[in-house]
Every structure is written in C-alpha cells, then in structure tokens.
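Worksheet for the structure shown next.
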Amino acid sequence: MNLKGIFAFTVVGLVGIAAAPQPGTAQISQQGNKYLFRYKWEKGKVYNYNLAYTMTVPASAGRGATGSAGAPRPQTMNSRFSMKVIDVKGGTATIELTMPAAQGQPAPKPQRMTMDSLGRVQGAAGSNLSQQAPVLPQRAVGINETWTNTMQVPGMMGGTMNMTSTMRLTAVRTVGGRRVAEVNQNIQMRGSGMTGGGSGTYSHDMSDGMVRSARMNMTMTIPAPPARQGQPQAKPMSIPLTVTISRL
C-alpha cells in the first residue's frame, strides 16, 4: 500500500472537495428565496485549516486461501494546511496552497493556482491542482436545489481519478451565533485501478463565504487481482476513510 499516495489523495483531493475554493471574503447573498455563492478575493489574506483523517486498511494486501486480507489497521493523522491570496487581478486571485508533509517525507513545496469568483481554477503551474477546486453554481440556488461538479484528483495508488460531486443546499440557519449555509455532498470516483464513493456535509459562513467545517465518509475499493491457476479468487480490498476539515 502506497501511503504517500494515500496521503496525497487525502490532502489534495479532499481539500479540493471541501475547502480549496473557499478562501476569500465572499458574501453569500440572498435573492428572494435563493442564495448566490460568490468569492471576493482579498490580497494578503491567509486561511488556515485543520485536517484530520482516519483510514482503515487491511494488514496486508495479500490474500490467503480464504480470501482474507488480514486484520484491519486503523491509521490516523492530524495536520494543518494554509491558503494565501498572493494577488488579485480582475476578480481572479492567485492562491498559494501550503500542505503538510506525509510521515517520513519532506514537506512539499507550496503550489499556486489562479481562481475566479466562482472557484474555477484557471491554472496551476507546476502542480496537479488544475482540476481540484469544486466550482460554485453560476445561478442562485434554493433550499434542496442541487448542482454538480466534475474534476480529477490524485489516485491513492498513483495516477488520477475522475470524481463527480453532487451538492445540495440543505439549510440556512444560525449555529453558535453565526449564520451558516449547510451543504450535503455525494461523490463517485473512478480511475487509477480503483473505485470509490461517499457522502458528507460542509457549512459556509454566510458573512464571508468561508467553509467553517466539513466532514466526509468514503470507501475506496481496489479490485481483486486475477486468480492464479489452482488458487481461489481473491476478494476486493475496501478502505474506509473519514476526513474532517475545520477552519482555525
């Protein structure tokens, strides 16, 4: 199991799901019974988030005659990442993303991308972030209305995966003295020899558009290899993964 690849998938891919397009002093404005999500970038702003995940992988990728992959091994991580608005021109911001190092690995270099008021990434020179940021709906949306995004994320075993996300605005309410917009998300992923899916929630602060918190529960599945002559067919390997992100 390539833990470095899993870490990259978790941090880059799931940051993209819940937080990548969120830095900015955007306002979620109400239009009748609908809400318009936009970003208004502010040069020099830095946004810090805490990332935590729990992942359970089999003790070994090998299978015995029973098809068992061994006892599961829970793995946890707590870390932080930051996003800085380097510059803003014509409503489009240059964002620098700084991610933590995987265990036993050197810290990756900060990566840059440009993003417009809808969260559409215009470029990510020297990185694989060009498809990471979920795009906000162009129209105002009401409670229980949905919108869909597609993107590519790093695969857990290397390569890339195609991901389709369907978001639904579920509520606008007051939590802890803050007005927040709550969104449910369902995702499906395929590629790099794997499939996956899951669901979760995240909340936007109505005053600035920032994501306050997010939680995603997923299961990634690695297909079983072809059976060898005289050996029973192995079983697919499933990897449950829970990720939470919170603004500091």
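Only a single item in (1) more than 23 Å from residue 212 (Cα to Cα); (2) touching a helix residue (DSSP H, G or I) at 6+ places or on another chain (Cβ under 9 Å) is not met by residue 162, and it is number (2). Residue 160 meets each of the listed conditions (1) of a type in the set (Ser, Thr, Tyr); (2) loosely packed, with under 15 Cβ neighbours inside 10 Å; (3) closer than 30 Å to residue 225 by Cα apart from (2). Just to be sure I understand, how many residues within segment 17-39 are of a type outside the set (Val, Ile, Thr), at pLDDT 50 or above and either closer than 25 Å to residue 160 by Cα or touching an Asp or Glu at 6+ places or on another chain (Cβ under 9 Å) (or both)? Qualifying residue count, segment 17-39: 3.
Say we look at segment 60-79 and pick out the residues that are touching a Pro at 6+ places or on another chain (Cβ under 7 Å) and surrounded by fewer than 17 Cβ atoms within 10 Å (Cβ to Cβ); which of these is modelled with the lowest pLDDT?
The first filter runs over segment 60-79 and keeps only residues touching a Pro at 6+ places or on another chain (Cβ under 7 Å), leaving 65, 67, 69-70, 72, 79.
Next, only the ones that are surrounded by fewer than 17 Cβ atoms within 10 Å (Cβ to Cβ) stay: 65, 67, 70, 72.
Values: 65: 38, 67: 42, 70: 55, 72: 71.
Among them, the one singled out is 65.
Annotation: of all residues in segment 97-153 being buried (at least 18 other Cβ atoms within 10 Å of the Cβ), among the β-branched types (Val, Ile, Thr) and modelled with pLDDT of 85 or more, the one that is farthest from the chain's Cα centre (by Cα) is 141.
The values are calculated or read from the model by the stated rules, or taken from the named source; none is laboratory data. Bear in mind that the values here come from a model prediction, so they are computed numbers and not experimental data. Cβ sites come from the backbone with ideal geometry, for glycine too, and all protein chains shown count toward neighbours.
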